Every structure is written in structure tokens, then in C-alpha cells.
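The values are calculated or read from the model by the stated rules, or taken from the named source; none is laboratory data. All values reported here derive from a predicted model rather than from experimental measurement. For neighbour counting, all protein chains shown are included, and Cβ atoms are generated from backbone atoms with ideal geometry for every residue, glycine included. Note: areas computed on protein heavy atoms with side chains; ligands, DNA, RNA excluded. Shrake-Rupley method; radii C 1.70, N 1.55, O 1.52, S 1.80 Å.
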Amino acid sequence: MIGRAPTLIAEKIADLRAEAQGLERDGNVEGAWSCLGDAHVLSQPWAEPHVRVHAWMLGLGWRTRSVREVVGQVARLLVAGPGSVTGRFPVGNSGRSNVSAFTPAPVRADFAALLIEAEPQDAVAVLEATEVRSLYDRMAPFYDVASKPYGWFGARRLAKRAIEELRLEPGDIVVELGTGTGRNLETLSAAVGSGGRVVGVDLSPGMLKVAQAKVDEMGLGNVVLVEEDMAVYELPKGGTGGVLSTYAMEMLPTYEKVISSLVGQVRPGGRIVLNGLRHPDRWPDWVTRAGSALSRPFGVSEAYESHRPWEVIERLLTDVVYDEAMSGAAYLSAGTVPETGEKP
Ligand SMILES: C[S@@+](CC[C@H](N)C(=O)[O-])C[C@H]1O[C@@H](n2cnc3c(N)ncnc32)[C@H](O)[C@@H]1O
């Protein structure tokens, strides 16, 4: 991105720089480098602080007579700005000359949370598709780490159950809508086997890039990824046996229309399974508002109160299963597409 970091990030970078200066004064040069490395990780998405951190590193290299750092930091100063503007930077890289300038590294969980929290979001508005795309493109490198806390409260367990509720057989075609970084793809791929096919659909190229890297690394030959808005995506012809969406369908204001259309496209007897966040009826109001604010960086809005995809499943499908986790803040809803003429 061009320009300055949001206040939250700018303040943290300033704190880290002050800490680095203190450590340098005390003769702890390695400690100072470590603080500037942390500042670098936080600065990378924004050109101005990114360039500034490399200038600080150049200064430290100069004062400590490190030829390697001086040469390395001059080179990094030249590429830092363009890297931030184009979004092509190695996420998690410390920015020092003792690591390759192109190698990403894991981001500390608290930094990932900070980077995501820094995104300004409206409390009530449901995001447009273009806003979802750019939000998740920016979040893609941090998504798996930043969404971990939901797992501690049972969100991932419910997603695993959602996959079981697809009741897939070897040879099936299964489509995952809003596949994100592809966390469900390995299990889906194993469930349909080499004779089956998994199609992961998402509108964020950034999320799909992370998913594709996992698919390649795991050698999942039966998985294809498609960049498309699920609001208009049409299922593959030839008998899709299951459709899954975890933590994505409720983002769509037109979910009712989309689910109804899926019912017409999945083969009779196939399963549609949704799992996602919902307005928790049993939580005190202030806790709900706090939870909604914490989830806002993921595009969650208070408008979720009126988003009830499970009611569409209950209305249109047979053999319906419903469950909840996170004290009612996450739902699982699954059903079978009726045979022609069969009443749900
Ligand atoms: C919270 S993430 C969930 C990702 C994944 N299913 C998981 O469980 O980790 C939501 C994902 O849905 C995608 N998404 C949201 N709206 C979409 C739409 N209309 N069409 C396709 N993908 C969409 C986002 O890009 C993002 O990758």
C-alpha cells in the first residue's frame, strides 16, 4: 500500500524503535536489531514506514561498522517502497541482511492480530464483493494465524463436523464455496479420493494463492481452485454430490437466493452443508457487540443478526442436521437435496 500505516501500527513501530535505541545505548546491539526486525514485520504493508525502518537499520549498521548490513540495507531501501506499493513483500521477514530479502517467515500471532485489527471496518455495513476481495487479499498472509483463536472456542471442530455431514463417497464431486486459504481441502480431497474432484471457489486471489501453495505442497491432484464470486458461480455439470461453505456464506447478503440456486444444481441425494458465524441469541448484548467488534476485521458485521442461512436449509432440504458451537455464535446446518417430487 502507498502511504502511512494506521495509528495502531505506527504507534507500535515507534515503540519498537524507541526500545531499539535504548538497547543500542546500553550496548545490546543484537537486542536493537531484534526490535527493528519486529518493526520491519509490522511496517511491510505500508511504503512509508517500511522505507523508514530500513533507514533506521542502515543507521544501526553504519554505527556498528557492519559492512554487510550497510550494503544490504542500501539494496533493501531501493526495493522496500515498490514492494509495499505492489503488495509483493516477504511476509514475516525481519528485513536484516543476514536473511534473504525474498524469504517469508512465520508472523508472531500477536503481530498478525495487530495487522488485521488495524483494518478500519464499519460496524453494521455488509461488505460488497469488491470490499471482501480487497479485505481478504490483504489478510491472506496472516489469515491462518489470526483466525486461530476461533479454533480454541470450537470453530474448527464444527468445520470438521461439517465435512463429515457432507457424507462424501469416493468418486464424488464436491464444491467448497469461500474456500479461503484451503484449510478444508486436504480432508475433502481424501474423502472423494483420486476418482473424485474438489473445487474450491473464492473471490480473493490472495487467499487462493495461499490455498494453491498448500495444494501443491500436499500434492492434492484432485483439487482445482476457481476465482469467482459465489453469488454467480455455477456448479460443475455432471452431478455435484456436495457443497460446503465454512465461515463464508453468511457474508453474502443474497445467501437465500444462492442456497436456493444450489438446491437446483446439486444432484438429488447430495448434501449442502453450511458452517459459519451467527448472531448469538444467548449472549448478553454487550458481549455480542464486543464479539462482533473483534470479528470485524474478518468482515463480520452487526447485520449478521438478520442473516440466517440455516433457515433456508431447513425450509428446502430433507434429513436436516443443526448444531452450534461457541455458545451459539457458530452454526452448522446440513441437509439433503430431495428427489424430484419429494417434499422437504
Ligand atoms: C472467513 S474466510 C473463511 C475461509 C475458509 N472457508 C475457512 O473456513 O477458513 C471467508 C472467505 O470467503 C470468501 N468470500 C466471501 N464472500 C465471497 C463471495 N461472495 N464469493 C466467493 N468467496 C467469498 C473470502 O474471500 C474468504 O476467503
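Rg(Cα) of the chain divided by 2.2 N^0.38 Å?
On the way: Rg = 23.0 Å, N = 344, 2.2 N^0.38 = 20.2 Å.
My calculation over the Cα atoms of the chain gives 1.14.
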*Using 20 Å as the cut-off for backbone N distance, which residues of segment 67-99 belong to the label zone defined by a point 7 Å from the Cα of S134 along Cα→Cβ?*
82-89
_With the crude spin-label approximation of a point 7 Å out along Cα→Cβ, what separation in nm comes out for R63 versus S306?_
5.7 nm
*Mind listing the long-range amide H neighbours of V223? Cut-off is under 5 Å, sequence gap 5 or more, other chains count too, H placed in the peptide plane at 1.01 Å from N.*
V198
_Tensor-based shape of segment 7-105 (alpha-carbon gyration tensor, a/c under 1.5 rounded, otherwise prolate or oblate)_ = oblate
*Which net charge results when you count Lys and Arg as +1 and Asp and Glu as -1 among the other residues whose beta-carbon is under 13 Å from that of V224?*
-4
_Taking all protein chains in place and a 1.4 Å probe, what share, in percent, of the accessible surface of segment 137-336 do carbon and sulfur account for?_
54 percent
_Among V243, V300, V70, residue whose mean-square fluctuation peaks in a GNM of the chain (springs only between Cα atoms under 10 Å)_ = V70
_If each DSSP helix of 4+ residues adds -39,500 (n - 2.57) and the sum is divided by the residues in the chain, what number results at 222 nm, nearest 500 deg cm²/dmol?_
-14500 deg cm²/dmol
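Taking the Cβ of L158 as the center, what net charge do the other residues with Cβ under 9 Å away carry, scoring Lys and Arg +1 and Asp and Glu -1?
My count for the surroundings of L158 gives +2.
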*Excluding P205 itself, what net charge comes from residues whose Cβ is under 9 Å from its Cβ, given Lys and Arg +1 and Asp and Glu -1?*
-1
*Give me the percent of DSSP beta bridges within the chain that run antiparallel, rounded to the nearest 5.*
40 percent
*Which of L252, L274, L316 moves the most in a Gaussian network model of the chain with Cα springs under 10 Å?*
L316
*Quick one: if you stick a label point 7 Å off each Cα along the C-beta vector at E30 and T254, how many nm between them?*
5.8 nm
*With N denoting the number of residues in segment 47-114, provide Rg(C-alpha) divided by 2.2 N^0.38 Å, to two decimal places.*
1.11
_Descending principal axes extents, segment 137-336, alpha-carbon based, whole Å_ = 50, 38, 27
